[in-house]
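Report on one structure; see the data block that follows.
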Amino acid sequence: MESALRTPTLFLRKGISILAAAATAVSTMLLPTSEASAQGLPLIRDAEIESLLSDYASPIFRAAGLGSGRIAMRIVRNDAFNAFVVDGRNVFVHTGALLQSETPNQVIGVIAHETGHIAGGHMAALRSRIARDQTKILLAQVLGILLIGGAAATGGDTGRDIGSAGQAVMQGGSELIMRSLLAERRSQEAAADQAGLKYLNATGQSGLGMLETFERFAQQEYISDTHKDTFARSHPVASDRLARLRELVRKSPNYSRKDTSELQLRHDLMRAKLSGYLENPRTVFNRYPKSDTSLPARYARALARFFLGGNQAVEQAVAETDALIRDKPSYPYFWETKADLLMRAGRAAQAIAPLRRAMQLANSPPLMKVELATALQSVGDEKSIAESVSLLRKALIDDVNPTGHRLLAGAYYKQGKLPQADAETAQAYFLEGNLKQAQIFAKRAQRQLRKGSPEWLRSDDIINYKPET
Ligand SMILES: [Zn+2]
C-alpha cells in the first residue's frame with residue numbers, strides 16, 4: 001500500500017513520480033548513464049526534495065571544486081539507509097537515508113563523504129583495478145587449465161594432483177585479489193571521510209552529522225551480522241577509521257555549529273512528505289500523532305488522510321493542505337501538494353491555479369512546468385495545449401525527463417504535428433533506455449523534419465547512437 005506504486009505513473013501528475021532509471025542522463029548529449037540504467041534504479045522526482053538536496057549539496061560541490069552544476073543529486077526509492085556514487089555525475093541517496101536522518105547536517109555529511117569519493121576519482125580507480133584483477137583471475141584460470149592439461153597429457157593419477165594445484169593457484173590468486181581490493185576500499189573510505197570533512201570545514205558546517213551516521217553503522221556492524229545495512233556494507237567502517245574521524249570532527253572549528261532552524265524545518269517537511277507519500281497511512285498516523293501540531297506532522301497527516309481513502313478523503317486532505325497554506329503561504333510546496341491531490345482526484349482544472357502560485361513562489365523549476373503542462377493537457381482545449389507545449393519546451397532544456405518528452409509528444413499529436421511528436425517519442429524511448437524503439441521513431445521523424453532543424457539533429461543523434469560496450 002504505497003502511494004507511488006498505487007497510481008500508474010505514466011505521467012508525472014503528482015509531487016512524486018517514479019521514472020525509469022535512464023532518466024539520470026545528465027551529459028550534454030542526453031546519453032543515458034549506463035551504470036544507473038543497468039542497475040534499474042527506481043528514481044523519484046520531486047521539486048521540493050530536489051531543491052532541498054541541491055541546497056545541501058551545492059556548497060559542498062563548490063568546496064570540492066566540482067561546482068559547475070554537472071553533478072546531480074538523485075533520489076532512489078529504497079528503504080535501506082544508503083548513499084553512493086557510480087560515476088562523477090550523480091550522487092544517489094536512498095529515501096531510507098532521508099527518512100532516517102534527523103538533521104540536515106547528517107545528510108550533508110553523507111553528501112560530503114560521497115563528494116570525497118567523486119573528487120578522489122575512486123570509482124574509476126576501483127573499476128580499473130577490477131579490470132586488472134579480472135585479467136589476473138583469467139590468467140590464473142588459464143594457468144590452472146594448462147597445469148591440468150599438461151598433467152593429462154602425461155597420463156596417470158598425478159594429473160588430479162596437479163589439477164588441484166591449479167585450483168589452489170586460482171583460489172589463492174582470487175583471495176589475494178579480494179584482500180587487496182578491500183584494502184583499497186578501506187583507504188578510499190578514509191580518504192572520502194577526510195575530504196568530506198575538509199568540505200564541511202570550508203563551508204562552515206559541523207562534521208558531527210557525518211560522524212553520527214558512521215557511528216550508527218559501526219554499531220550495527222558489531223551488534224549483528226545478519227542485520228547489516230547496505231550502507232555499512234558499501235562503506236565498511238573500520239574502528240581505527242572511526243577513531244580517526246571522531247578525532248578530526250571534534251577538533252574541527254565548526255564542531256558545535258547547528259543547522260539553522262529554517263533548514264531544519266525544510267528537512268522535517270521533506271521527511272514528512274516522504275512518509276506521507278511512501279508509507280502506509282496507518283504508519284504515518286503513528287509516526288505523526290494528532291497531538292503533534294507542527295507543520296511537518298500536519299503535512300504528513302494530510303497526505304495520509306488522502307491515501308487512506310474513503311468518505312471525504314479528498315475534501316479533508318485538501319482542507320488540511322489549505323490550513324497549511326494559511327499558516328505558511330510563501331511555501332510553494334504546500335500549493336503544489338494541494339494541486340497534486342486535486343490532480344489525483346481527477347480535478348485537473350482546479351489544480352491549475354494553485355500550481356501557478358507554486359511556480360511563482362518556487363521560481364518555476366522544470367518539474368513544476370511539467371506538472372502544470374500535465375494539468376493543462378487534462379483540461380485539453382486548444383489554448384491549454386499550446387501553453388503546455390511552451391512550458392514543456394522550456395522545462396526540457398534544463399531537465400532530463402522522459403515523462404516530459406512523452407507529454408510533449410502527446411501535445412504535438414493533438415496539434416497534428418506528427419514529425420515533431422515522433423521526435424519527442426524517440427527522445428522519451430531513448431532516455432528510458434529503449435534504443436530500438438527510439439531509433440524507429442527517430443527515423444520516422446527525420447523523414448519529415450526540416451534537415452538541420454533542432455528536432456532533426458536530436459533525431460540524428462539517436463539514429464547514430466552507438467551504445468557503450
Ligand atoms: Zn564511502
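Couple of notes before you dig in:
- Taken over the range 178-211, the residue count meeting the criterion of being under 20 Å from residue 128 (Cβ atoms) and either more than 12 Å from the ligand (Cβ to nearest atom) or not hydrophobic (A, V, I, L, M, F, W, C) (or both) is 12.
- Any chance residue 135 is more than 15 Å from the ligand (Cβ to nearest atom), under 30 Å from residue 106 (Cβ atoms) and at pLDDT 70 or above: no
- Which numbered condition residue 423 misses (of (1) in contact with a strand residue (DSSP E or B) (Cβ under 7 Å, 6 or more places away or on another chain); (2) at pLDDT 95 or above): (1)
- Of the residues 155, 204, 172, 159, the single one that is loosely packed, with under 13 Cβ neighbours inside 10 Å and at pLDDT below 65 is 155.
- Looking only at residues in the range 80-122 that are free of Cβ contacts under 8 Å to residues at least 40 places away in the same chain and among the β-branched types (Val, Ile, Thr), the one that is nearest to the ligand (Cβ to nearest atom) is 85.
- Restricting the range 89-119 to residues that are in contact with a Lys or Arg (Cβ under 7 Å, 6 or more places away or on another chain) and part of a helix (DSSP H, G or I), the residue that is farthest from residue 41 (Cα to Cα): 99
Residue-wise test of (1) touching a residue at least 40 places away in the same chain (Cβ under 8 Å); (2) under 19 Å from residue 440 (Cα atoms); (3) surrounded by fewer than 24 Cβ atoms within 10 Å (Cβ to Cβ); (4) of a type in the set (S, T, N, Q).
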residue	(1), (2), (3), (4)
367	yes, no, no, no
371	yes, no, no, no
392	no, no, no, no
415	no, no, yes, yes
420	no, yes, yes, yes
423	no, yes, no, no
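The values are calculated or read from the model by the stated rules, or taken from the named source; none is laboratory data. Keep in mind it's a predicted model, so treat the numbers as computed, not measured. With ideal geometry, Cβ positions are generated from the backbone for all residues, glycine too; neighbour counts draw on all protein chains shown.
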